[in-house]
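Just below is one structure, and these are the notes that go with it.
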Amino acid sequence: MSDAFVIDGVCHPYNFSPENEQGRFGRIFNDVLYSYHPAFNPPGVALSREDWGRRWEAREFLETMLLESDTDMICVHSLPIFDAYKDGGASPEIAAAAKHAHPDRVLWYAGMDMFDPASTLDAAKRFIDNGADGLKFYPAKYVDGRTQSWRMDDEPLVFPLLEYARAAGVRNVAIHKALPIGPITSYSMNVDDISLAANAFPEINFQVVHAGFMFVDETKFLIANHANIYATMEASFLFCKLNPRKFAELLTEFMIYAGPQKIIYSSAAVNPHPQIVLDAFANFTMPDDSPIPLNNDIRAMILGGNLARLHGIDIEDRRQRLASDEFSAFKREFGRKPPFSSVARSQAA
C-alpha cells in the first residue's frame, strides 16, 4: 500500500466563501457539503464552519494535497455549478494555475457549462489551449424550484464538443452522476445516457463520477459492457470509513462485473482531507467471505495505476521525475505536514 503511486482522481480547490454563494441554492449546497466535513474528518482535523467557508488558492491547495498526504499526483476538476456558486464552485483559473505551476503533478479537467450551449465549443478550445487534460460535465441545474438537465446522448449539444476534444488529443471526460446535491430531482443523475456517447467516441474514456451512490446496477453493467467507461468513486470512496460494509459491496459489484482495472480512486478533497481518506483505505479490508481479493496489486491499480494508464503516464518514469521536485524534497526533510496546516485557522477553530 505504501509503495502505491497515488493519483487522486477528483479533487477541487473549492470556493466555499459566503460571498461566492449564489442565493438560496448556494447556501443549501454549502450546507450539504459541509455536513460531510466533520462527519469524515476527525476532531482536530476538521475545520470550523468559518474556516471551511473559504476560497482555496492554488498554492495552499497544492500543499494540502501534495505535502499533507501521500498523494503523488492530483486530477483537479474545475466546476460549472453556476446555479450555486458565482465562480462555478471551483474556478478554472485556480485549476489552471495549479496545472501550470506543476504540470508533472497535476492533471486538470475543465468544467463545461452545458446550459450555455452557444459558448461551450469556444470554452473547450480556450481550456484545452490553456492546458486542460480532460473535460468535466455537470448534468443538472436548479432554477426557481425546478431541475433543468441535459443528457450525454443529446447529439447536437454534446457531440461537437467531443469531436473537438478528440481532434485536440483529449482522451478523458468525466460526468457527475449518481449523487444529487440539494433539492434537485434524481433523474438527471442516471447513467443511461452515457452509453451512446461512449459508443460514438470509442477513443475517449468516460468516467462516471460518484459511482456507487445511486444506480449501482446500471453503473456496473455500463462499465462491464463498455471498454471505455470507468467508475470514479468520488465521495463514495468515503464509505471505506463511514460504512465499510457498503464499500465492500460496491467494490465487489464493480470488480466482479468489470474488474479492478475499471475503478478510479478519488478523495473528494479538499472537503475530506486526502490523507484521512488514504488512511481509511489502507485500514479497510474486505470481509473474510469476499469472492474478490483486495491485495496490494489491486489497491495500486485503483489508487493510481488505472488513471495513469488512461493518461499514458509511465509510473516509474514519473516517479523519477517527481523525486527531485520541491514536494519530494520537503517530505524527505520534514515528512508530511499535519492535515489542513497549510491553511490559516481562526482562533475559534
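A few points about this structure:
- Evaluated on the range 7-334, the Kirkwood hydrodynamic radius is 19.9 Å, with distances taken between all distinct Cα atoms.
- Peptides 330-336, 160-166, ordered by how many other C-beta atoms sit within 10 Å of their residues on average, highest first, read 160-166, 330-336.
- The dipole here belongs to the chain: it is taken about the Cα centre, uses +1 on the Cβ of Lys and Arg and -1 on the Cβ of Asp and Glu, and is about 400 debye.
- For the range 178-184, 3J(HN,Hα) per residue [Karplus equation, 6.51 cos²θ - 1.76 cosθ + 1.60, θ = phi - 60°, Hz, x = Gly/Pro]: 6, 9, x, 10, x, x, 9
- The local environment of Lys141, defined by Cβ-Cβ distances under 11 Å, has a net charge of -3 under the rule Lys, Arg +1 and Asp, Glu -1.
- With only the Cα atoms considered, the range 71-151 has a convex hull volume of 98 Å³ per residue.
- Highest-fluctuation residue, Val170, Val158, Val32 considered, GNM on the chain with Cα pairs under 10 Å: Val32
- Net charge dipole, the range 148-200: roughly 220 debye, given to the nearest 20, about the Cα centre with Cβ charges of +1 for Lys and Arg and -1 for Asp and Glu.
- Here, the range 88-129 has an Rg and a Dmax of 11.2, 33 Å when only alpha carbons are counted.
- Residue-averaged 222 nm ellipticity for the chain, from DSSP H runs of 4+ at -39500 (n - 2.57), nearest 500: -11000 deg cm²/dmol
- Counting charges near Met65 (Lys, Arg +1; Asp, Glu -1) among other residues having Cβ under 12 Å from its Cβ returns a value of -2.
- Net +/- balance of residues flanking Glu203 in space, Cβ distance below 13 Å, scoring K and R +1, D and E -1: +1
- Translational diffusion of the range 128-254, µm² s⁻¹ [Kirkwood Rh, Cα pairs; Stokes-Einstein; 37 °C; 0.692 mPa s]: 214
- Peptides 255-268, 316-329 ordered by average Cβ neighbours within 10 Å, highest first: 255-268, 316-329
- Note that the range 286-349, at 10 °C in a medium of 1.306 mPa s, gets a Stokes-Einstein diffusion coefficient of 103 µm²/s from its Kirkwood radius over C-alpha pairs.
- The modelled label-to-label distance between Leu242 and Ser35, using points 7 Å beyond Cα along the C-beta direction, is 1.0 nm.
- Each 5 Å bin from zero holds the following percent of Cα-Cα pairs in the range 180-277: 2, 13, 24, 23, 20, 12, 5, 1.
- Computed over the range 1-57, the P(r) curve from all C-alpha pair distances, binned at 10 Å from the origin, holds 20, 43, 27, 9, 2 percent per bin.
Every number here is computed from the coordinates shown, using simple stated rules; none is lab data. If you're wondering where the values come from, they're calculated on a predicted model, not measured in any experiment. Every residue, glycine among them, receives a Cβ derived from its backbone with ideal geometry; neighbour counts consider all protein chains shown.
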